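For reference, the structure is listed below as structure tokens.
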Amino acid sequence: MHIPTHYKNENLEEVSAFLQQNSFGILINQTNGKLWGTHIPLELDKDEDGSDVLLGHVGKANPQGQNFKDNQEVLAIFQGPHSYVSSSWYEIEEVPTWNYIAVHVYGTIQIIEGEALWDSLKKLVDKYEQNSENPVSMENLSPKTLRQIKGIIGFKIKITDIQAAYKLSQTRTDTDHQHIVRELEKTDLPDAKATAAAMKKNRGQ
């Protein structure tokens, strides 16, 4: 993706935290000669050799999974908060724009089965059940329910490149930046408020 230099985030620790907090992404590959995208959770993890990977799964009925080939390059897209920015919030006339955080992850895909698939599903369930009043665990699901695992294709993506765009009014003056934050915080839009928070954090406020 095209990222102007002042919006590029190369802090891998910060980007990794973003991926863990915004793990519902879009997996894109070539499927039957066309670009294909599936919206799924893709969890950041470590491979047995310590390299970064994304873990996920799709249904066997999904043509995308049927076209997975080992070491095929894929793209995973993750989006964070985003919001319209009115140029009426600037001191000097300028065009409106859009602030956002987006991360593109490139890698090669490999099918996982058996214990590796079970472990990835357990981590996924444990992560999202931790705040439930009555958390579900893989170990407590009935054999009948667990048979549904036969209907999915598990995979890992060995990460080869991460491109992170944090467009958060870095080029604006302090006055403009503060005014944009105040205007975004006034709204009732969760994404606008989250964008304002990201702007303040990025500016060290």
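Taking Tyr100, is it farther than 20 Å from Lys156 by Cα and touching a Gly at 6+ places or on another chain (Cβ under 9 Å)? When the stated conditions are applied, Tyr100 passes them. Any residue at all in region 69-80 that is at pLDDT 95 or above, of a type outside the set (Lys, Arg), within 26 Å of Thr160 (Cβ to Cβ) and touching a Lys or Arg at 6+ places or on another chain (Cβ under 9 Å)? No, that holds for no residue.
Residue-wise test of (1) touching a Ser or Thr at 6+ places or on another chain (Cβ under 9 Å); (2) of a type in the set (D, E, K, R); (3) crowded, with 18+ Cβ neighbours inside 10 Å.
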{"residue": "Asp119", "(1), (2), (3)": "no, yes, no"}
{"residue": "Lys127", "(1), (2), (3)": "yes, yes, no"}
{"residue": "Val136", "(1), (2), (3)": "no, no, no"}
{"residue": "Lys144", "(1), (2), (3)": "no, yes, no"}
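Residues that are among the hydrophobic types (A, V, I, L, M, F, W, C) and either modelled with pLDDT of 95 or more or within 25 Å of Tyr7 (Cα to Cα) (or both) number at least 1 in the following helices (runs of 4 or more DSSP H) confined to region 102-195: 114-129, 174-186. Against the test of being in a helix (DSSP H, G or I) and either in contact with a Gly (Cβ under 8 Å, 6 or more places away or on another chain) or exposed (fewer than 11 other Cβ atoms within 10 Å of the Cβ) (or both), the options Gly65, Gly50 yield a single qualifying residue, Gly65.
The values are calculated or read from the model by the stated rules, or taken from the named source; none is laboratory data. As the structure is a computational prediction, the values presented were derived from the model and not from experiment. Don't worry about glycine lacking a Cβ; one is built from the backbone with ideal geometry, like all the others, and counts go over all protein chains shown.
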